[in-house]
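A short write-up of the structure that comes next.
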Amino acid sequence: MRHKRAGSKLGRVTAHRWALFRNLLTALLRHERITTTTAKAKALRPLADRLITLSKRDDLHARRQALTLVPDTAVVGRLFDTVAARYADRRGGYTRIIPAGTRRGDGAPVAIIELVEELAVAPPAPTKAARSTARKAAKAEAVAALAGETDETPAPTGAAAADTPEESAAEVTGPPAESADEKSEEA
């Protein structure tokens, strides 16, 4: 009997289980979000949190300890540079497990484990009155544009838009085109 024995064996021998954890940790820290079974996600969470706490120490011994669990030096470098800086003021709870239903092939419960994003202060959502006035203003602009009552003047094109006479001469490649008024006078 396994009374008071913590941790799940996940149906694997020790070497296979630790190889699984190393691969999952590497993928989680590289992509910041992975999909796996719920049991694996629950077993992975304390290891990921421990690694992030270790990375906040930022010394050579901590890097070497992290390399024993995550054998990819690029991922460990990213962990110590980017991820540790992101969670500098957070005291724990760096991962989140979100249930994602069941796997199609065998019906195993699946979860998404991801690194928690730090909450940025978002601007307050506009009130109902502000949305209403913005909607009315947009509607009035659309009606004015259809009626031809826009306040905006069209941007100059062709020779009028050129800064210098040399530029305007360079843009004109052929004889000047006749305007609509000149064509109606000739007829």
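Values quoted throughout were computed directly from the atomic coordinates according to the rules given, and no laboratory measurement underlies them. This is a predicted model, so every value here is computed, not measured. Cβ placement follows ideal geometry from the backbone for every residue including glycine, while neighbour counts extend to all protein chains displayed.
The GluC sites (Glu not before Pro) of segment 81-118 that DSSP puts in a loop, and whose beta carbon has at most 12 other beta carbons within 10 Å, are Glu117, Glu118. Seen from all directions on average, segment 1-53 presents a Cα convex hull projection of 4.3 nm².
Note on segment 42-141: the alpha carbon radius of gyration divided by the globular reference 2.2 N^0.38 Å gives 1.67.
Using the Cβ-Cβ distance between Arg57 and Lys136 with R0 = 45 Å, the FRET efficiency computed as 1/(1 + (r/R0)^6) comes to roughly 0.20. With a simple spin-label model that places each label point 7 Å from the Cα along the Cα-to-Cβ direction, the separation between Val116 and Ala15 comes to 3.8 nm. What lysines does Lys136 reach when the alpha-carbon gap must be under 18 Å and sequence neighbours fewer than 8 apart in one chain are set aside? Qualifying lysines at Cα under 18 Å: Lys128. For Lys9, list the lysines whose Cα falls under 24 Å from its own Cα; do not include residues on the same chain fewer than 8 positions away. Leaving aside lysines fewer than 8 places away in the same chain, those within reach of Lys9 are Lys40, Lys42.
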